[in-house]
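Worksheet: one structure, shown below.
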Amino acid sequence: MTPLRTDRARKLRQSSGRAEERVWSALRGGRIDGHKFRRQHPIGPYVVDFACDRSRLIIEIDGAVHQLDEVMARDRKRQQALETLGWTVIRMTNDQIFSAPEALIDAVRRHAGRLQG
């Protein structure tokens, strides 16, 4: 990993928003069935919000800016590139994290179940 990507990931970890902090508290230390996630983790040319190497799962938390057409187009291209690398991407909005946090846990468990079954 290049020093620039490492520095960028570190800065993103230090400036995370409330929704990301809430997700991290649910994911950290393998709290969901032992699945260990990394926060602001570099994958290829991208830095993703959360990634579990073992299950090749990425969780992206989208704020309001992700509703803009140009940002949505960039997100789609980025997600396709990550999926080409063998990752699955779960996208949730800030609102979803605050209104139904259990949906994230259910999504992680469903993905893990598909890998096992």
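The values are calculated or read from the model by the stated rules, or taken from the named source; none is laboratory data. Everything numeric in this text was worked out from a predicted model, so none of it was measured. Backbone-built Cβ (ideal geometry, glycine too); neighbour counts: all protein chains shown.
Determine whether the range 91-105 contains at least one residue that is in contact with a Phe, Trp or Tyr (Cβ under 8 Å, 6 or more places away or on another chain), within 24 Å of Arg22 (Cβ to Cβ), of a type outside the set (S, T, N, Q) and surrounded by 13 or more Cβ atoms within 10 Å (Cβ to Cβ). Before you say what the answer is, go through the steps one by one.
Going through the range 91-105, the residues in contact with a Phe, Trp or Tyr (Cβ under 8 Å, 6 or more places away or on another chain) turn out to be none.
The answer is no; no qualifying residue exists.
Which one is nearest to His111 (Cα to Cα), of the residues in the range 37-72 that are part of a loop (DSSP other than H, G, I, E, B) and charged (D, E, K, R)?
To start, the set of residues in the range 37-72 that are part of a loop (DSSP other than H, G, I, E, B) comprises 37, 44-45, 53-56, 63, 68.
Now narrow it down to the ones that are charged (D, E, K, R): 53-54, 56.
On the way: Asp53: 13, Arg54: 12, Arg56: 10 Å.
Within the range 37-72, the match that is nearest to His111 (Cα to Cα) is Arg56.
List, please: which pairs have Cβ atoms under 8 Å, are six or more places apart or on different chains, and start with a residue in the range 17-45 that is more than 24 Å from Gln80 (Cβ to Cβ) and without any contact (Cβ under 8 Å) to a residue 24 or more places away in the chain and end with one that is surrounded by fewer than 17 Cβ atoms within 10 Å (Cβ to Cβ) and among the small types (Gly, Ala, Ser)?
Lys36/Gly29; Lys36/Gly30
From the set of residues in the range 86-117 that are among the polar types (S, T, N, Q), in a helix (DSSP H, G or I) and free of Cβ contacts under 8 Å to residues at least 60 places away in the same chain, which is nearest to Phe50 (Cα to Cα)? Let's see the steps before the verdict.
Initial filter on the range 86-117 (among the polar types (S, T, N, Q)): 88, 93-94, 96, 99, 116.
Now drop any that are not in a helix (DSSP H, G or I), which leaves 94, 96, 99, 116.
Imposing the further condition that a residue be free of Cβ contacts under 8 Å to residues at least 60 places away in the same chain reduces the set to 96, 99, 116.
Numbers: Gln96: 16, Ser99: 20, Gln116: 21 Å.
This residue is Gln96.
Within the range 21-36, work out how many residues are under 21 Å from Thr93 (Cβ atoms) and in a strand (DSSP E or B).
1
Inspect all residues belonging to the range 73-81 and state whether any of them is surrounded by 15 or more Cβ atoms within 10 Å (Cβ to Cβ) and not in a helix (DSSP H, G or I).
no
Within the set of pairs 6 or more residues apart or between chains, which connect a residue that is free of Cβ contacts under 8 Å to residues at least 24 places away in the same chain inside the range 65-80 to a residue that is surrounded by 14 or more Cβ atoms within 10 Å (Cβ to Cβ) and in a helix (DSSP H, G or I) with Cβ atoms less than 9 Å apart?
The qualifying pairs are Val65/Val71; Met72/His66; Asp75/His66.
Yes or no, residue by residue, for (1) more than 18 Å from Gly17 (Cβ to Cβ); (2) under 12 Å from the mean Cα position of the chain (by Cα); (3) among the β-branched types (Val, Ile, Thr); (4) modelled with pLDDT of 90 or more:
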| site | (1), (2), (3), (4) |
| --- | --- |
| Arg28 | no, no, no, yes |
| Gly34 | yes, no, no, yes |
| Ile43 | yes, yes, yes, yes |
| Ile58 | no, yes, yes, yes |
| Glu70 | yes, no, no, no |
